[in-house]
Every structure is written in structure tokens, then in C-alpha cells.
Amino acid sequence: MSAPDGIPIRLERAGKTFDDGTRALEPTDLTIEAGETLVFLGPSGCGKTTTLRIVAGLDQPDAGGRVWFGSDDVTEVPIERRNVGMVFQSYALFPNMSVADNVAYGLKVRRVDEAERRGRVAQMLEMMHITELAHRRIDQLSGGQRQRVALARAIAPRPRVLLLDEPLTALDAKLRETLRVEIDRLLRSLAITTVYVTHDQAEAMALGDRIAVMQKGRIAQIGTPREIYQRPSSAFVAGFIGAMNHVSVRADNGYLIGSGTRIPWHGSAPGGQIMFRPEDVSIHDGSVSPAVMEGRILSAFFLGDHTRLSVDLGAGDPITVRTEARCSFAAGDAVRLSLPAERILWPEA
Amino acid sequence: MGGRERLLLLALMAPAAIVFAAFFLLPLARLFVIGGTGPTGWSAYLAIVTDARYFRSLVSTVLLSASVTAATLVISGIAGVFLERNRFRGRALVTAMLTLPLAFPGVVIGFMVIMLAGRQGLIPEITDALFNERLVFAYSMAGLFMGYVYFSIPRTILTVMASAEKLDPRLEEAARSLGARPWRVVADVIVPGLKPAFISAGAICFATAMGAFGTAFTLATRINVLPMVIYTEFTLQANLVMASALSFVLGAITWAALALARSFAGSSVAAAG
Ligand SMILES: Nc1ncnc2c1ncn2[C@@H]1O[C@H](COP(=O)(O)OP(=O)(O)OP(=O)(O)O)[C@@H](O)[C@H]1O
Ligand SMILES: [Mg+2]
């Protein structure tokens, strides 16, 4: 493929208010590095598509907002002159053209000559493993095949930026997994600046160099998947990526005290709730440091390499414990847990 | 399908079959036979192509209908998509006005053409004031063309609007993202998307123009469209044979155009996702 030729994208106080008064995006500053894959992750209606459409040039930011591609201010430039590739959840393939004609479309519009066009289309089809479908009509393709065609069509003209809006959402779980791996390989090999929208955290973790978690029209947190997972800035972010336990506590004389909970604590206690990941709690092994939580097992699921426990601490929501301990657990058993102090998180929001 | 169901189906089809036979098949067959019972026998049909008067009328009717269809599709295509895409004050009123001619018989349309382009009409007044020459075209093919386009627009525009509503805006966005300028989007996405509507509306438009009589009759008995010729042969010349032969051919051409359109529409519908 071509050399890495991604460009950085910058949003400057870009917000979006629709005609009916809906504030879909608060004024936002954001830089997407050249060649980076940034994933917008968030629940339905949080403004992911709106942000993507502003980057694409399908929508204009509200007055005062600016969009930069490298050193070009493209705020007023319509999508057809931005040189972006786009992939939609609904595929949006041209029904009146064959697979090959769909893939060739961007090249044809750009007046790439016939011979080169054919070569490039063949290359794209091969890359997406759909060479044998070249002359099919679109309505003769499966969902996965359609999305492959859509990807091939988007990257064939070698865009500066690739934009994908929930490209895998319409597919079944197994196919989603396969295509996710393929898209990952594709994005690594292209090294093109990519914005990827999804509400699936596994997809976001797998594909994103960085993830921007969105909430109600603003970016709640942006960072690498590791940062977001290990240091979520709020309960919202924590809840969106991976599973998270929440326990109400109060600081009391060098301890955090809650229902079934007694944790030695000497730092400040910035809130009334602590959070921790299911894999950070473990079954107390009887060693010197005392157990910090005690409860009763509500359910235990043996999943081969680990067991998933739901533990009732007496009050509040049950917590989830992921343990690799090789003993058997039964509902109703009492259980004692330990939790390293450094794994305790305090949600700020 | 069981025998009982088949029987039931036949019973349900019976009324349609009876009407079809009584009001269509039988008269048509009779028309066809009468066409061949003149002093010259079956060569009455031949006369349609050999007799210059009939042939010219046949050709000009087909040409008129084809150009009316083309003009109507262009006008309604643009207006229909525009009306479907834009929400503005007075939109409902514009739509209602554009579809008004549906309520008028051909005679009224003829009057309107005369008002506009007849001897005392508006257009001659204007051209008189501007160029000192009265442009009168109501009583010619041009007047007929105008009238036919006018009454063909409503049906076509409604069909186009219904079809434009179903166009997937993502397709247009996809084309634009690939670099297509607006006119390319129209040519590559909108027109193909509206093709089934264009074909079905165009077929009806063509058929209606082929058979329309009231407007032509109002404008002038001199205009040589096929329905006028049939009327003249039948009432003035009492040439029942020729009138029958012409009628049959008129029907056959129109039917063929509709069938052709249907087969096109069928294949294009199948091709659409
Ligand atoms: N054209 C529009 N007019 C008015 N409001 C809109 C329009 N498009 C989107 N919105 C609103 O803006 C908000 C953000 O929408 P957006 O499509 O960006 O959400 P999203 O994060 O992509 O959600 P989803 O995951 O469901 O696709 C929503 O409240 C939505 O209802
Ligand atoms: Mg969306």
C-alpha cells in the first residue's frame, strides 16, 4: 500500500445545535494525530455520529467552531472536496452498480484512467477477500460481504481520513469478531487517520489507539484503552468500559467502612463510593493481611479459566468477583475477599 | 395448492374476468374484425402505413406523446424532488396547485390553452407589446403539447414525490464522500433511484397523451392527432372500417408501450437492493 500519509485532524470549539434546538455536541476541542485511530464510544444519542459528520463535512459546526485537516481550515469545505473515505452502518452501497463498479466509483469520479482503475479495484477486492464477488449485484451479497465492499469502496481512492460509523453493528457476533480483526489489520497497514464510531466497548478497546468516551454531547474522557480502563475519570466512563463494582463507604478512623466492608485506608476519601474491577478483588487466602470484605455468594458461574461470582455484601448492589481460584463455589457460601488498596478508584462524578 | 383453493380462486376471479371479457375483449375483437371488413378487406390496416394522411397522423401522435412524456418527466422530476426535499411555508399550497389539473377534463385544459396562447390570449398580447407581433400557437401541435404537459404533470409529480421520499439519503452522502459533485450525485444516485417511478409514470403519461381527445377537439379540428382522425373518419366520413382499424392500432401501440415499460421497470426493480 501507499506510505503512511495520514494527516492530523483538529476540532476547535466545534459544537452542533440542530434547527429544533437539540444540542447534539457541546463546543469541543479535540486533536486526532496523523495516522491514529480514534474511537468515539458512548451510548445511543450521545453525539458520536454528529461529531463524525462534522469531521466528514456532512454537517457544519455551529458558528465559531472550526475543523482543521493538517494546516488546512476545512470548515467550509464540503465533503466531496475533503478527500475522506466513509463507511456507514447501513453500508449505503449503490444498488444500481456491481460490486466492482461500487469500488471503482471514487476513482471514476476522480477521473483515474481505466487501466489504473481496474488494477486498483482488483487490489482492493483481493485485500478484502471478495475478488470472486466482483460482478455480483449488491442484493446478492450477505451483510458481511456488503460491509467488505463498503470498506473497499471507501479506501480505494486513498483518502486522507477514514471515517466509520458503527460499521459492524448490523452484523452477527461471530462475523463482527472476524471483521473487527480484519479492520484492525487494515487500519494498521494503511496508517491512515481514522475515526471510528461504536457503542461496543470490545470493538473500541481492540481498534482504538485512543478512545474518546462520550456522554451527552461532550467528551467525558479521552485516552488510550489502558488509561481509560485503569483510570476512568468518572463512574460513567468506568461503567461503559468493562465491568465495575460500586460500594458505598464512609471514612472512619483509618478505615473505609461499608456494609460487609472494612478497608484500611490512610489517604483522603474524596467521595462516598469506591469502585473496583471484578478481576482486582480476590478470594482471601488466609495470609497475614486481613480480609477487607465479607459476603455471601448469590451465584457462581464456572467459565473454564475463571469463575464469576456474584457476592452480596449485605446492602447495596451485589459485587462481581472474577477469580481464578481452583476451588468450587456454591451459592449461599460465605466468602472473604481481599482488595489491594491501589486498585481502589474514586469516581469524581 | 389444493383443488378446493384453486376453485375458490377461480370463483374470486370470475367478476373481473366477466367485466374484462364484456367490456374489453369482445369489443376489441369486434373492432379488429370490423377493421378488416371494408371494401378493401384487411388492407385497411395496410392503409395506415401506405396512406400518407393516416401515417403522418400516426407518426405525429407518437412523436407528440413521446415529447410530452419527456418534458413532463423532466419538469416533474425536478419539481417532485424539490418539493419532497424542502419544507417551506406554502409548500402544501404549491403541491395542491400543481396537482389541480387532475380535476379538469380535457376540454377545460383546451380552454386554458386558448386563454393563454389563443388569438385573444395572454402570450400574443405580451409578444405584441414587446415585438409587435402576435405569437398565436394554441391551435397547433405546440398548443396541444402545452396542454398535455400541463395535465400530465400532476400524476407524474405525485409518483415522483412518493418515490423521492424513499430515496436513501446515505447513498447520496456515500457518493459525495467518494468525491461526487452535486450533478454527479443526481446522475448516479437520484435518477437511478427514481427510475422505476419515471418508467411507470412515463408509461401512463405516454398512454394518456396517445389517447387524449378533449383538448385536441377544443383547440381545433385541424390538429391531426390519431384520436381526432378516428373521430373524423367515424362521424364525418362514416368510414367505420378505417376508424376501427385506426382505433385498434392506437390501442396496440399504447399497450405495447405500457408492456415495454413494465418489463423495464421489472428488471430495474429487481436490480435495486
Ligand atoms: N438532524 C437532526 N435534527 C435534530 N436532532 C438531531 C439530528 N440528528 C441528531 N439529532 C440529535 O442529536 C443527538 C445526538 O445524535 P447522534 O446521532 O450524534 O447520536 P449517536 O451518538 O450517533 O447515537 P447512536 O449510537 O444512536 O447512533 C441525539 O439526541 C439526536 O436525537
Ligand atoms: Mg450514530
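Just the residues that are surrounded by fewer than 13 Cβ atoms within 10 Å (Cβ to Cβ) and among the hydroxyl-bearing types (Ser, Thr, Tyr), please, taken from the range B:44-58. Steps first, please.
Here is the first cut: in the range B:44-58, the ones surrounded by fewer than 13 Cβ atoms within 10 Å (Cβ to Cβ) are B:46, B:49-50, B:52-53, B:56.
Within the range B:44-58, B:Thr50 is the sole residue that qualifies.
Of the residues making up the range A:162-197, those that are buried (at least 17 other Cβ atoms within 10 Å of the Cβ), within 16 Å of ligand 1 (Cβ to nearest atom) and not aliphatic (A, V, I, L, M) are A:Asp165, A:Glu166, A:Pro167, A:Arg176, A:Tyr196. Of all residue pairs spaced 6 or more apart or on separate chains, none has beta-carbon atoms under 6 Å together with a first member in the range B:122-138 that is over 17 Å from B:Met112 (Cβ atoms) and a second member that is modelled with pLDDT of 90 or more and among the small types (Gly, Ala, Ser). Across the range A:198-213, the qualifying residues are those that are within 19 Å of A:Phe88 (Cβ to Cβ) and of a type outside the set (Ser, Thr, Tyr), and the one among them that is farthest from ligand 1 (Cβ to nearest atom) is A:Leu207.
Name the one entry in A:Leu58, A:Leu107 that is within 16 Å of ligand 2 (Cβ to nearest atom) and surrounded by 19 or more Cβ atoms within 10 Å (Cβ to Cβ). Don't jump to the end; show me each part of the working.
Numbers: A:Leu107 fails: within 16 Å of ligand 2 (Cβ to nearest atom).
Unique residue meeting the criteria: A:Leu58.
Residues that are at pLDDT 90 or above and in contact with a Cys (Cβ under 9 Å, 6 or more places away or on another chain): find the strands (runs of 3 or more DSSP E) completely inside the range A:186-235 holding 1 or more of those.
Working: elements: A:193-198, A:210-215, A:218-223.
Strands (runs of 3 or more DSSP E) meeting the threshold: A:210-215, A:218-223.
Please tell me if A:Gly65 is more than 12 Å from ligand 1 (Cβ to nearest atom) and within 14 Å of another protein chain (Cβ to nearest Cβ). Answer is no for this residue.
If you go through the range B:233-263 and keep only what is closer than 27 Å to B:Pro101 by Cα and not hydrophobic (A, V, I, L, M, F, W, C), you end up with B:Ser247, B:Gly251, B:Thr254, B:Arg262. Could you tell me which residue of the range A:151-168 is nearest to A:Arg118 (Cα to Cα), considering only residues that are of a type outside the set (Gly, Ala, Ser) and in a loop (DSSP other than H, G, I, E, B)? Here the residue is A:Pro157.
From the set of residues in the range A:19-52 that are free of Cβ contacts under 8 Å to residues at least 24 places away in the same chain and more than 14 Å from chain B (Cβ to nearest Cβ), which is nearest to ligand 2 (Cβ to nearest atom)? Per the criteria, the residue is A:Gly45. Candidates are the residues of the range A:196-210 that are within 16 Å of ligand 2 (Cβ to nearest atom) and either outside the structural domain of A:Thr50 (by TED's automatic domain parsing) or among the hydrophobic types (A, V, I, L, M, F, W, C) (or both); the one that is farthest from A:Leu52 (Cα to Cα) is A:Ala204.
Taking each residue of the range A:275-287 that is β-branched (Val, Ile, Thr) and looking for partners that are crowded, with 18+ Cβ neighbours inside 10 Å with beta-carbon atoms closer than 7 Å, six or more apart or interchain, yields A:Val281/A:Val321; A:Val281/A:Leu337; A:Val281/A:Leu339; A:Ile283/A:Thr323; A:Ile283/A:Val335; A:Ile283/A:Leu337.
Of all the numbered requirements in (1) in contact (Cβ under 8 Å) with a residue 24 or more places away in the chain; (2) within 12 Å of chain B (Cβ to nearest Cβ), A:Glu80 misses one, and that requirement is (1). The residues of the range B:35-68 that are closer than 19 Å to B:Val249 by Cβ, modelled with pLDDT of 90 or more and β-branched (Val, Ile, Thr), listed by number, are B:Val59, B:Thr61, B:Val62. Note on the range A:307-345: residues that are in a loop (DSSP other than H, G, I, E, B) and either surrounded by 15 or more Cβ atoms within 10 Å (Cβ to Cβ) or on the phi > 0 side of the Ramachandran plot (or both) total 8. For the range A:33-51, the set of residues classified as in contact with a helix residue (DSSP H, G or I) (Cβ under 8 Å, 6 or more places away or on another chain) and more than 15 Å from ligand 1 (Cβ to nearest atom) consists of A:Thr37 only. The residues of the range B:132-149 that are at pLDDT below 90 and either surrounded by fewer than 22 Cβ atoms within 10 Å (Cβ to Cβ) or in contact with a Cys (Cβ under 7 Å, 6 or more places away or on another chain) (or both), listed by number, are B:Asn132, B:Glu133, B:Arg134, B:Leu135, B:Val136, B:Phe137, B:Tyr139, B:Ser140, B:Met141, B:Ala142. Taking the range A:236-250 as the range and being at pLDDT 90 or above and in contact with a Phe, Trp or Tyr (Cβ under 6 Å, 6 or more places away or on another chain) as the test, only A:Asn245 passes.
A quick yes/no check of all residues on (1) at pLDDT 95 or above; (2) in contact with a Leu (Cβ under 6 Å, 6 or more places away or on another chain):
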{"position": "A:Ile32", "(1), (2)": "yes, yes"}
{"position": "A:Gly35", "(1), (2)": "no, no"}
{"position": "A:Leu38", "(1), (2)": "yes, no"}
{"position": "A:Ser44", "(1), (2)": "no, no"}
{"position": "A:Arg53", "(1), (2)": "yes, no"}
{"position": "A:Ala56", "(1), (2)": "yes, yes"}
{"position": "A:Gln60", "(1), (2)": "no, no"}
{"position": "A:Gly65", "(1), (2)": "no, no"}
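Condition check: acidic (Asp, Glu) and either more than 24 Å from A:Thr169 (Cβ to Cβ) or out of contact with any strand residue (DSSP E or B) (no Cβ under 9 Å at 6 or more places or on another chain) (or both). Does A:Asp72 satisfy that? Here the answer is yes, as A:Asp72 does meet what is asked.
Can you pull out the residues in the range A:136-154 that are in contact with an Asp or Glu (Cβ under 9 Å, 6 or more places away or on another chain) and not small (Gly, Ala, Ser)? Explain how you work it out, then say what you get.
First, the residues of the range A:136-154 that are in contact with an Asp or Glu (Cβ under 9 Å, 6 or more places away or on another chain): A:143-144, A:148, A:151.
Passing the criteria: A:Arg148, A:Leu151.
Hey, any hits in the range A:133-148 for a residue that's within 16 Å of ligand 1 (Cβ to nearest atom) and either at the interface with chain B (Cβ under 10 Å from one of its Cβ atoms) or buried (at least 23 other Cβ atoms within 10 Å of the Cβ) (or both)?
First, the residues of the range A:133-148 that are within 16 Å of ligand 1 (Cβ to nearest atom): none.
Within the range A:133-148, none of the residues are within 16 Å of ligand 1 (Cβ to nearest atom) and either at the interface with chain B (Cβ under 10 Å from one of its Cβ atoms) or buried (at least 23 other Cβ atoms within 10 Å of the Cβ) (or both).
Among residues of the range B:174-194 that are at the interface with another protein chain (Cβ under 7 Å from one of its Cβ atoms) and crowded, with 17+ Cβ neighbours inside 10 Å, those with a beta-carbon under 6 Å from a residue that is basic (Lys, Arg) and not in a helix (DSSP H, G or I) at least six positions away or on a different chain give the pairs B:Gly179/A:Arg110.
Residues of the range B:209-217 include at least one that is small (Gly, Ala, Ser) and not in a helix (DSSP H, G or I).
When you scan the range B:37-51, do you find a residue that is among the hydrophobic types (A, V, I, L, M, F, W, C) and under 28 Å from B:Ala162 (Cβ atoms), even just one? Scanning the range B:37-51 turns up no residue that is among the hydrophobic types (A, V, I, L, M, F, W, C) and under 28 Å from B:Ala162 (Cβ atoms). With respect to (1) under 21 Å from B:Leu98 (Cβ atoms); (2) not in a helix (DSSP H, G or I), the lone exception for B:Glu133 is condition (1).
The values are calculated or read from the model by the stated rules, or taken from the named source; none is laboratory data. The structure displayed is predicted, hence computed values, not measured ones. Neighbour counts run over all protein chains shown; Cβ positions are idealised from the backbone, glycine included.
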